[in-house]
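The values are calculated or read from the model by the stated rules, or taken from the named source; none is laboratory data. None of these values were measured; they are calculated from a predicted model. Don't worry about glycine lacking a Cβ; one is built from the backbone with ideal geometry, like all the others, and counts go over all protein chains shown. The protein model used for the area step is the full one, side chains on, heavy atoms only, and it has no ligands, DNA or RNA in it. Shrake-Rupley method; radii C 1.70, N 1.55, O 1.52, S 1.80 Å.
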2 protein chains.
Amino acid sequence: MSTPKPEATLALNGSLPRHRRTYSIGELARMFEVTPRTIRFYEQEGLLAPERRGQTRIYHEKDRVRLKLTLRGKRLGFSLAEIREVIEMYDAMPDGNARQLRRLLEILADKRNNMERQLEDIRLMQRELDDVETRAREVLERLGHH
Amino acid sequence: MSTPKPEATLALNGSLPRHRRTYSIGELARMFEVTPRTIRFYEQEGLLAPERRGQTRIYHEKDRVRLKLTLRGKRLGFSLAEIREVIEMYDAMPDGNARQLRRLLEILADKRNNMERQLEDIRLMQRELDDVETRAREVLERLGHH
DNA sequence: CAACCACTTTACGTTAACGTCAACGTCGTC
DNA sequence: GACGACGTTGACGTTAACGTAAAGTGGTTG
């Protein structure tokens, strides 16, 4: 406490083996471009369970990964409830009973189908975009030539 | 009215050249597995503009296609507002000015980036799913062998 | 020590995308 | 001519996923 060593306690985290790093809620928020409110909300919804040092939340690698997966899931249109379901089952896996596991496999298969349809949707949508863009460029061209 | 010919007026639409067909709101709803309420809502939001015969809405091929594109857009996570924006610009294209067209191209490029990221997300997500599934199967296997 | 962050909880507000219900009109049919 | 299936408008309800504001805590910095 008396030694003025440059141990900013936070800045120090700069070059640690990723595994030992911890994050504040603000850091994570900036990192993923969400607000702290969002992160707290995800916790409230059972998607995160950070450590607590007193009042304040402390996030480890595990939490960061979870958040990343959560956001990815969201971009793919999954609801927080769905994401939580998978996360919970995943956590319970080691000692999960057979029924749970089969249920998990079902859910996974379901997600997979979802992915497949999304892939198809994307391909179709890209064609549409190509088409619209081509037309737009043509019109633009004609405008250029008066 | 007196001739009992099997002209069910609705059933008759069965084998028409797709182009001339028309649809009731209920037909479209079943077709795409949405409720009539949804379709009316999309109209209210400016995504559809069906013909009217008296009070009742009559949908043509064009409307069906729009609905299809709208739903596809939704599956890909676009908001109705975004979808409408594109549709409107597309409709206004022929007589659109250069600024409008350039704006449209911007939007399209944006959507394209979105698609690309979604593709990447899907690939990553599929790997995760593979991983989880593999683990689940392993655990299940061990359970089987007591 | 005062000022300033960054963090906390509590609670109410907001937006998008419909659902639901009431109250009514219009066919075709039994 | 009652009935059921389908259509209409209008209005209010609901859910998910946060936003926002209020009021307080704890650490460091000039």
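Can you tally the net charge around A:Ala81? Count Lys and Arg as +1, Asp and Glu as -1, for every other residue whose Cβ sits under 12 Å from the Cβ of A:Ala81. Here the count lands on -2. Within 10 Å of the Cβ of each residue in A:112-118, the mean number of Cβ atoms contributed by other protein chains is 4.
Measuring heavy-atom accessible area with a 1.4 angstrom probe and counting protein chains only, the residues of the stretch B:43-82 that give up at least 50 Å² relative to the chain alone are B:Arg72, B:Arg75, B:Leu76. Within 12 Å, Cβ to Cβ, of B:Phe32, how many net charges do the neighbouring residues add up to if Lys/Arg are +1 and Asp/Glu are -1? Charge balance near B:Phe32 sits at +4. Chain A packed on chain B takes about 4000 Å² of accessible surface away from a 1.4 Å probe, both sides summed. Think of the axis that spins chain B onto A; the B residue whose C-beta lies nearest it, and the distance in whole Å, is B:Gly77, 3.
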